[in-house]
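This report refers to the structure that appears directly beneath it.
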Amino acid sequence: MPYCEVGKAQSTDDAALNNGIQIYYRTYGHGPTKVLLIIGLAGTHDSWGPQIKGLTGTDRPNDDEAMAVDREPDGAHNEVGGVEVCSFDNRGMGRSSVPTKKSDYTTKIMAKDAIALLDHLDWKKAHVFGHSMGAMIACKMAALVPDRILSLALLNVTGGGFECVPKLDRKSLSIAIRFLKAKTPEQRAAVDLDTHYSEEFLEEIVGSNTRRSILYQDYVKGITSSGMQSNYGFEGQINACWRHKMTQAEIDLIRSGGFLVSVIHGRQDIIAQINHARRLAQKLQPVARMVEFHGAHLVTHERTEEVNQALLDLIKASEMKMSPHEWSNVPKKSSEASSRTSVEREGNRILAKIHVYLLYIFSLLIMVFNLHFVNWVL
(Lines give C-alpha, C1' and ligand atoms only; values in the text may rest on other atoms or scores of the structure.)
Protein backbone atom coordinates (compact mmCIF):
# COMPACT_ATOMS: atom_id res chain seq x y z
CA MET A 1 0.00 0.00 0.00
CA PRO A 2 1.33 3.49 -0.83
CA TYR A 3 1.92 5.41 2.38
CA CYS A 4 3.94 8.48 3.22
CA GLU A 5 5.44 8.43 6.73
CA VAL A 6 5.12 12.11 7.55
CA GLY A 7 7.82 12.32 10.22
CA LYS A 8 10.52 10.91 7.93
CA ALA A 9 10.07 13.76 5.46
CA GLN A 10 10.00 16.63 7.97
CA SER A 11 12.35 18.74 10.04
CA THR A 12 13.45 17.56 13.50
CA ASP A 13 10.70 19.38 15.42
CA ASP A 14 7.90 18.39 13.05
CA ALA A 15 9.22 14.83 12.78
CA ALA A 16 8.99 14.40 16.55
CA LEU A 17 5.41 15.73 16.54
CA ASN A 18 4.32 13.53 13.64
CA ASN A 19 6.22 10.36 14.47
CA GLY A 20 4.10 7.41 13.33
CA ILE A 21 1.66 9.47 11.24
CA GLN A 22 1.04 7.84 7.86
CA ILE A 23 -0.76 9.42 4.92
CA TYR A 24 -2.36 7.09 2.37
CA TYR A 25 -2.16 8.25 -1.24
CA ARG A 26 -2.59 7.14 -4.84
CA THR A 27 -1.07 8.51 -8.05
CA TYR A 28 -2.65 8.46 -11.50
CA GLY A 29 -1.40 9.20 -14.99
CA HIS A 30 2.08 10.09 -16.21
CA GLY A 31 3.77 13.25 -17.36
CA PRO A 32 5.87 16.22 -16.30
CA THR A 33 2.89 18.25 -15.02
CA LYS A 34 2.25 17.38 -11.37
CA VAL A 35 -1.07 18.03 -9.61
CA LEU A 36 -1.73 17.51 -5.90
CA LEU A 37 -5.41 17.16 -4.94
CA ILE A 38 -6.44 17.88 -1.33
CA ILE A 39 -9.92 16.71 -0.34
CA GLY A 40 -12.20 18.20 2.30
CA LEU A 41 -13.87 17.20 5.55
CA ALA A 42 -14.71 13.47 5.80
CA GLY A 43 -13.65 12.92 2.17
CA THR A 44 -11.22 10.33 0.85
CA HIS A 45 -8.73 10.35 -2.03
CA ASP A 46 -11.25 8.84 -4.45
CA SER A 47 -13.68 11.72 -3.92
CA TRP A 48 -11.63 13.43 -6.66
CA GLY A 49 -12.58 10.71 -9.18
CA PRO A 50 -14.14 12.98 -11.85
CA GLN A 51 -11.14 15.34 -11.76
CA ILE A 52 -8.58 12.52 -11.82
CA LYS A 53 -10.25 11.08 -14.94
CA GLY A 54 -10.56 14.51 -16.54
CA LEU A 55 -6.96 15.54 -15.92
CA THR A 56 -5.18 12.27 -16.68
CA GLY A 57 -7.55 10.31 -18.92
CA THR A 58 -7.56 7.34 -16.53
CA ASP A 59 -9.08 6.39 -13.21
CA ARG A 60 -6.71 3.49 -12.49
CA PRO A 61 -3.96 4.18 -9.96
CA ASN A 62 -0.36 3.79 -11.05
CA ASP A 63 0.31 1.10 -8.45
CA ASP A 64 -2.50 -1.12 -9.76
CA GLU A 65 -0.75 -4.29 -10.88
CA ALA A 66 -3.60 -5.07 -13.25
CA MET A 67 -3.28 -1.69 -14.93
CA ALA A 68 -3.05 -1.71 -18.69
CA VAL A 69 -2.56 1.18 -21.09
CA ASP A 70 -6.16 2.34 -20.88
CA ARG A 71 -5.92 6.09 -21.36
CA GLU A 72 -8.61 7.38 -23.62
CA PRO A 73 -7.40 8.85 -26.95
CA ASP A 74 -9.22 12.08 -26.13
CA GLY A 75 -7.97 12.26 -22.55
CA ALA A 76 -7.21 15.75 -21.26
CA HIS A 77 -3.46 15.10 -21.21
CA ASN A 78 -1.84 11.99 -22.58
CA GLU A 79 1.63 10.43 -22.36
CA VAL A 80 4.21 13.01 -23.53
CA GLY A 81 3.41 16.34 -21.91
CA GLY A 82 0.77 14.67 -19.76
CA VAL A 83 -0.35 15.03 -16.15
CA GLU A 84 0.43 12.98 -13.07
CA VAL A 85 -2.05 13.44 -10.23
CA CYS A 86 -1.73 12.53 -6.55
CA SER A 87 -4.74 12.41 -4.25
CA PHE A 88 -4.66 11.31 -0.62
CA ASP A 89 -6.63 10.77 2.58
CA ASN A 90 -6.11 13.56 5.10
CA ARG A 91 -5.17 12.56 8.64
CA GLY A 92 -8.30 11.48 10.47
CA MET A 93 -9.99 9.83 7.50
CA GLY A 94 -9.85 6.79 5.25
CA ARG A 95 -6.65 4.74 5.46
CA SER A 96 -4.50 7.53 6.87
CA SER A 97 -3.57 7.74 10.55
CA VAL A 98 -6.17 9.00 13.01
CA PRO A 99 -4.56 11.00 15.85
CA THR A 100 -6.69 11.04 19.00
CA LYS A 101 -5.88 14.61 20.11
CA LYS A 102 -7.85 17.48 18.56
CA SER A 103 -4.72 19.62 18.83
CA ASP A 104 -3.09 17.33 16.21
CA TYR A 105 -5.54 18.66 13.62
CA THR A 106 -5.04 22.16 12.22
CA THR A 107 -4.94 23.28 8.61
CA LYS A 108 -1.29 24.22 9.08
CA ILE A 109 -0.38 20.77 10.41
CA MET A 110 -2.33 19.15 7.58
CA ALA A 111 -0.60 21.44 5.07
CA LYS A 112 2.71 20.12 6.38
CA ASP A 113 1.39 16.59 5.74
CA ALA A 114 0.84 17.62 2.11
CA ILE A 115 4.33 19.14 1.89
CA ALA A 116 5.80 15.92 3.32
CA LEU A 117 3.92 14.02 0.61
CA LEU A 118 5.49 16.23 -2.09
CA ASP A 119 8.91 15.41 -0.61
CA HIS A 120 8.05 11.71 -0.49
CA LEU A 121 7.06 11.80 -4.18
CA ASP A 122 10.16 13.88 -5.00
CA TRP A 123 7.96 16.56 -6.58
CA LYS A 124 9.79 19.87 -6.49
CA LYS A 125 6.71 21.84 -7.57
CA ALA A 126 3.05 21.09 -8.22
CA HIS A 127 -0.29 22.58 -9.08
CA VAL A 128 -2.26 22.38 -5.83
CA PHE A 129 -6.05 22.04 -5.95
CA GLY A 130 -8.12 21.86 -2.76
CA HIS A 131 -11.83 21.40 -2.07
CA SER A 132 -13.63 22.83 1.01
CA MET A 133 -11.41 22.03 4.04
CA GLY A 134 -8.85 20.88 1.49
CA ALA A 135 -8.85 24.38 0.02
CA MET A 136 -8.14 25.81 3.49
CA ILE A 137 -5.23 23.38 3.75
CA ALA A 138 -4.08 24.40 0.26
CA CYS A 139 -4.07 28.07 1.32
CA LYS A 140 -1.83 27.29 4.30
CA MET A 141 0.42 25.19 2.11
CA ALA A 142 0.76 27.99 -0.45
CA ALA A 143 1.72 30.43 2.31
CA LEU A 144 4.24 27.98 3.81
CA VAL A 145 6.00 27.02 0.55
CA PRO A 146 4.97 29.50 -2.17
CA ASP A 147 8.09 28.57 -4.18
CA ARG A 148 6.71 25.04 -4.65
CA ILE A 149 3.29 26.07 -5.97
CA LEU A 150 2.73 26.23 -9.73
CA SER A 151 -0.90 27.29 -9.39
CA LEU A 152 -3.59 27.21 -6.71
CA ALA A 153 -7.25 26.21 -7.14
CA LEU A 154 -9.61 26.78 -4.21
CA LEU A 155 -12.93 25.01 -4.68
CA ASN A 156 -15.93 25.73 -2.43
CA VAL A 157 -13.69 27.43 0.12
CA THR A 158 -14.35 29.69 3.10
CA GLY A 159 -12.05 31.53 5.48
CA GLY A 160 -12.71 29.08 8.32
CA GLY A 161 -14.12 29.84 11.77
CA PHE A 162 -17.55 31.44 11.68
CA GLU A 163 -17.47 31.28 7.89
CA CYS A 164 -17.82 27.49 8.13
CA VAL A 165 -21.30 27.89 9.59
CA PRO A 166 -23.93 26.85 7.02
CA LYS A 167 -26.62 29.19 5.80
CA LEU A 168 -29.31 29.41 8.49
CA ASP A 169 -32.64 28.41 7.03
CA ARG A 170 -35.15 25.61 7.42
CA LYS A 171 -33.38 23.29 4.98
CA SER A 172 -29.94 23.77 6.54
CA LEU A 173 -31.25 23.18 10.06
CA SER A 174 -33.00 20.02 8.93
CA ILE A 175 -29.79 18.76 7.31
CA ALA A 176 -27.78 19.61 10.45
CA ILE A 177 -30.17 17.63 12.66
CA ARG A 178 -30.14 14.64 10.30
CA PHE A 179 -26.33 14.77 10.09
CA LEU A 180 -26.00 14.68 13.87
CA LYS A 181 -28.39 11.74 14.09
CA ALA A 182 -26.85 9.72 11.22
CA LYS A 183 -25.44 6.49 12.65
CA THR A 184 -25.53 4.14 9.63
CA PRO A 185 -24.17 4.33 6.07
CA GLU A 186 -27.76 4.58 4.80
CA GLN A 187 -28.59 7.54 7.04
CA ARG A 188 -25.30 9.25 6.27
CA ALA A 189 -25.72 8.72 2.52
CA ALA A 190 -29.19 10.29 2.53
CA VAL A 191 -28.05 13.43 4.33
CA ASP A 192 -24.82 13.68 2.33
CA LEU A 193 -26.79 13.92 -0.92
CA ASP A 194 -28.75 16.93 0.32
CA THR A 195 -25.53 18.48 1.62
CA HIS A 196 -23.49 17.95 -1.52
CA TYR A 197 -25.90 18.56 -4.41
CA SER A 198 -28.59 20.98 -5.51
CA GLU A 199 -32.19 19.77 -5.40
CA GLU A 200 -32.52 20.36 -9.13
CA PHE A 201 -29.57 18.08 -9.87
CA LEU A 202 -30.80 15.29 -7.57
CA GLU A 203 -34.28 15.20 -9.10
CA GLU A 204 -33.08 14.94 -12.71
CA ILE A 205 -34.28 11.78 -14.42
CA VAL A 206 -31.49 9.50 -15.64
CA GLY A 207 -32.90 6.53 -17.50
CA SER A 208 -35.79 5.24 -15.39
CA ASN A 209 -34.55 6.64 -12.05
CA THR A 210 -33.80 9.95 -10.45
CA ARG A 211 -30.19 10.89 -10.00
CA ARG A 212 -30.85 10.87 -6.24
CA SER A 213 -31.70 7.15 -6.19
CA ILE A 214 -28.66 6.29 -8.32
CA LEU A 215 -26.27 8.35 -6.21
CA TYR A 216 -27.79 7.02 -2.99
CA GLN A 217 -26.75 3.47 -3.86
CA ASP A 218 -23.25 4.65 -4.79
CA TYR A 219 -22.91 6.59 -1.53
CA VAL A 220 -24.07 3.68 0.64
CA LYS A 221 -21.59 1.40 -1.13
CA GLY A 222 -18.75 3.90 -0.75
CA ILE A 223 -19.40 4.66 2.92
CA THR A 224 -19.78 0.95 3.71
CA SER A 225 -16.46 0.10 2.03
CA SER A 226 -14.46 2.96 3.60
CA GLY A 227 -16.30 2.93 6.92
CA MET A 228 -17.91 5.77 8.83
CA GLN A 229 -15.41 8.39 9.96
CA SER A 230 -14.24 7.86 13.55
CA ASN A 231 -15.23 10.37 16.22
CA TYR A 232 -11.55 11.29 16.69
CA GLY A 233 -11.14 12.01 13.00
CA PHE A 234 -14.38 13.93 12.62
CA GLU A 235 -13.87 16.07 15.72
CA GLY A 236 -10.25 16.70 14.74
CA GLN A 237 -11.08 17.81 11.21
CA ILE A 238 -13.94 19.99 12.48
CA ASN A 239 -11.43 21.56 14.89
CA ALA A 240 -9.09 22.26 11.94
CA CYS A 241 -11.86 24.05 10.03
CA TRP A 242 -13.00 26.01 13.06
CA ARG A 243 -9.49 27.21 13.92
CA HIS A 244 -8.53 28.02 10.34
CA LYS A 245 -7.69 31.62 9.58
CA MET A 246 -5.51 33.25 6.97
CA THR A 247 -3.53 36.20 8.30
CA GLN A 248 -2.80 39.23 6.14
CA ALA A 249 0.84 38.16 6.03
CA GLU A 250 -0.18 34.75 4.65
CA ILE A 251 -2.49 36.35 2.08
CA ASP A 252 0.39 38.61 1.00
CA LEU A 253 2.68 35.58 0.60
CA ILE A 254 0.17 33.99 -1.77
CA ARG A 255 -0.36 37.22 -3.71
CA SER A 256 3.38 37.65 -4.18
CA GLY A 257 4.13 33.95 -4.73
CA GLY A 258 4.36 34.21 -8.50
CA PHE A 259 1.49 31.81 -9.28
CA LEU A 260 -2.12 32.21 -10.43
CA VAL A 261 -5.19 31.35 -8.34
CA SER A 262 -8.68 30.15 -9.26
CA VAL A 263 -11.50 30.39 -6.72
CA ILE A 264 -14.20 28.00 -7.97
CA HIS A 265 -17.61 27.79 -6.32
CA GLY A 266 -21.18 26.55 -6.69
CA ARG A 267 -23.83 29.25 -6.28
CA GLN A 268 -26.23 26.84 -4.51
CA ASP A 269 -23.67 25.76 -1.87
CA ILE A 270 -25.35 25.86 1.56
CA ILE A 271 -22.25 24.64 3.42
CA ALA A 272 -19.58 27.03 2.13
CA GLN A 273 -21.48 30.19 1.29
CA ILE A 274 -20.30 31.82 -1.92
CA ASN A 275 -19.97 35.35 -0.50
CA HIS A 276 -17.04 34.13 1.63
CA ALA A 277 -15.30 32.76 -1.46
CA ARG A 278 -15.86 36.00 -3.34
CA ARG A 279 -14.34 37.92 -0.45
CA LEU A 280 -11.26 35.66 -0.44
CA ALA A 281 -10.86 36.15 -4.20
CA GLN A 282 -11.01 39.90 -3.60
CA LYS A 283 -8.26 39.66 -0.99
CA LEU A 284 -6.09 37.70 -3.42
CA GLN A 285 -6.32 40.15 -6.31
CA PRO A 286 -4.66 40.69 -8.72
CA VAL A 287 -3.68 37.00 -8.99
CA ALA A 288 -7.14 35.42 -8.48
CA ARG A 289 -9.94 34.57 -10.88
CA MET A 290 -13.47 33.95 -9.53
CA VAL A 291 -15.30 31.12 -11.33
CA GLU A 292 -18.94 30.46 -10.43
CA PHE A 293 -21.14 27.57 -11.54
CA HIS A 294 -24.73 26.50 -11.02
CA GLY A 295 -24.25 23.80 -8.40
CA ALA A 296 -23.89 23.03 -4.72
CA HIS A 297 -21.02 22.04 -2.41
CA LEU A 298 -19.82 19.14 -4.54
CA VAL A 299 -19.72 21.22 -7.70
CA THR A 300 -16.77 19.05 -8.77
CA HIS A 301 -19.27 16.21 -9.33
CA GLU A 302 -22.33 18.23 -10.26
CA ARG A 303 -20.59 20.29 -12.96
CA THR A 304 -17.67 17.99 -13.76
CA GLU A 305 -16.89 19.10 -17.31
CA GLU A 306 -17.02 22.81 -16.49
CA VAL A 307 -14.89 22.42 -13.34
CA ASN A 308 -12.33 20.25 -15.15
CA GLN A 309 -12.08 22.83 -17.92
CA ALA A 310 -11.54 25.59 -15.34
CA LEU A 311 -8.71 23.56 -13.80
CA LEU A 312 -7.15 22.89 -17.21
CA ASP A 313 -7.43 26.59 -18.02
CA LEU A 314 -5.51 27.35 -14.83
CA ILE A 315 -2.76 24.85 -15.71
CA LYS A 316 -2.52 26.21 -19.25
CA ALA A 317 -2.40 29.85 -18.10
CA SER A 318 0.37 28.93 -15.65
CA GLU A 319 2.37 27.12 -18.32
CA MET A 320 1.98 30.13 -20.62
CA LYS A 321 3.10 32.39 -17.78
CA MET A 322 0.04 34.57 -18.22
CA SER A 323 0.29 37.83 -16.30
CA PRO A 324 -1.94 38.21 -13.20
CA HIS A 325 -3.67 41.25 -14.70
CA GLU A 326 -4.67 39.20 -17.75
CA TRP A 327 -5.83 36.34 -15.54
CA SER A 328 -7.81 38.08 -12.82
CA ASN A 329 -11.47 38.94 -13.33
CA VAL A 330 -12.00 40.30 -9.81
CA PRO A 331 -12.86 44.03 -9.82
CA LYS A 332 -10.83 46.37 -7.67
CA LYS A 333 -12.53 47.70 -4.54
CA SER A 334 -13.27 51.40 -4.27
CA SER A 335 -12.78 53.18 -0.94
CA GLU A 336 -16.56 53.49 -0.60
CA ALA A 337 -17.01 49.79 -1.30
CA SER A 338 -14.28 48.97 1.21
CA SER A 339 -16.09 50.94 3.91
CA ARG A 340 -19.38 49.26 3.08
CA THR A 341 -17.70 45.84 3.08
CA SER A 342 -16.31 46.45 6.58
CA VAL A 343 -19.82 47.19 7.88
CA GLU A 344 -21.20 44.13 6.10
CA ARG A 345 -18.37 42.00 7.49
CA GLU A 346 -19.17 43.05 11.06
CA GLY A 347 -22.85 42.32 10.46
CA ASN A 348 -22.01 38.92 9.02
CA ARG A 349 -19.80 38.18 12.02
CA ILE A 350 -22.66 38.90 14.42
CA LEU A 351 -25.08 36.80 12.37
CA ALA A 352 -22.53 33.98 12.26
CA LYS A 353 -22.27 33.97 16.04
CA ILE A 354 -26.05 33.72 16.27
CA HIS A 355 -25.99 30.85 13.74
CA VAL A 356 -23.37 28.98 15.78
CA TYR A 357 -25.36 29.46 18.97
CA LEU A 358 -28.56 28.12 17.40
CA LEU A 359 -26.78 25.15 15.85
CA TYR A 360 -25.17 24.41 19.21
CA ILE A 361 -28.59 24.44 20.89
CA PHE A 362 -29.96 22.10 18.22
CA SER A 363 -27.02 19.70 18.67
CA LEU A 364 -27.62 19.66 22.43
CA LEU A 365 -31.28 18.86 21.85
CA ILE A 366 -30.35 15.99 19.56
CA MET A 367 -27.87 14.64 22.12
CA VAL A 368 -30.48 14.84 24.87
CA PHE A 369 -33.02 13.14 22.59
CA ASN A 370 -30.59 10.31 21.83
CA LEU A 371 -29.73 9.90 25.51
CA HIS A 372 -33.40 9.67 26.53
CA PHE A 373 -34.06 7.26 23.70
CA VAL A 374 -31.21 4.96 24.80
CA ASN A 375 -32.34 5.11 28.44
CA TRP A 376 -35.89 4.35 27.37
CA VAL A 377 -34.72 1.33 25.37
CA LEU A 378 -32.57 0.10 28.25
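Values as computed for the structure displayed
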read-out	value
Rounded, prolate or oblate (a/c below 1.5 giving rounded, otherwise prolate when a/b exceeds b/c) for the range 1-55 by Cα gyration tensor	prolate
Sites matching trypsin sites (Lys or Arg not before Pro) across the range 156-219 that sit in DSSP coil, with at most 15 neighbouring C-beta atoms within 10 Å	LYS167, LYS183
In range of the label at SER103: residues from the range 18-34 whose backbone nitrogen is under 14 Å from the point 7 Å along Cα→Cβ	18
Shape of the range 207-261, Cα gyration tensor, a/c cut at 1.5	oblate
Alpha-carbon centroid distance for the pair the range 113-182 / the range 20-34, whole angstrom	18
ILE115, ILE254, ILE238, ranked by accessible area, largest first (probe 1.4 Å)	ILE238, ILE115, ILE254
Prolate/oblate/rounded call for the range 223-307, Cα gyration tensor, a/c under 1.5 rounded	oblate
Inter-probe distance in nm under a simple model that places probes 7 Å from Cα toward Cβ, at ASN209 and LYS332	5.4
Probe 1.4 Å - accessible area at LEU144, Å² to nearest ten	70
Amide H partners (placed H, <5 Å) of LEU150, local residues excluded	ALA126, HIS127, VAL128
Inter-label distance, nm, simple model (7 Å from Cα along the C-beta direction), SER256/ARG170	5.2
Extension gain (nm, one decimal) between GLU200 and LYS221, 0.36 nm per residue minus Cα-Cα	5.2 nm
Extension gain from THR304 to TYR3, taking 0.36 nm per residue of separation minus the Cα-Cα distance	105.5 nm
Extension gain (nm, one decimal) between SER11 and LYS316, 0.36 nm per residue minus Cα-Cα	106.4 nm
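The values are calculated or read from the model by the stated rules, or taken from the named source; none is laboratory data. Bear in mind that the values here come from a model prediction, so they are computed numbers and not experimental data. All Cβ positions, glycine included, derive from the backbone under ideal geometry; neighbour counts span all protein chains shown. Note: accessible area is taken over every heavy atom of the protein model, side chains too, but ligands, DNA and RNA are not part of it. Shrake-Rupley method; radii C 1.70, N 1.55, O 1.52, S 1.80 Å.
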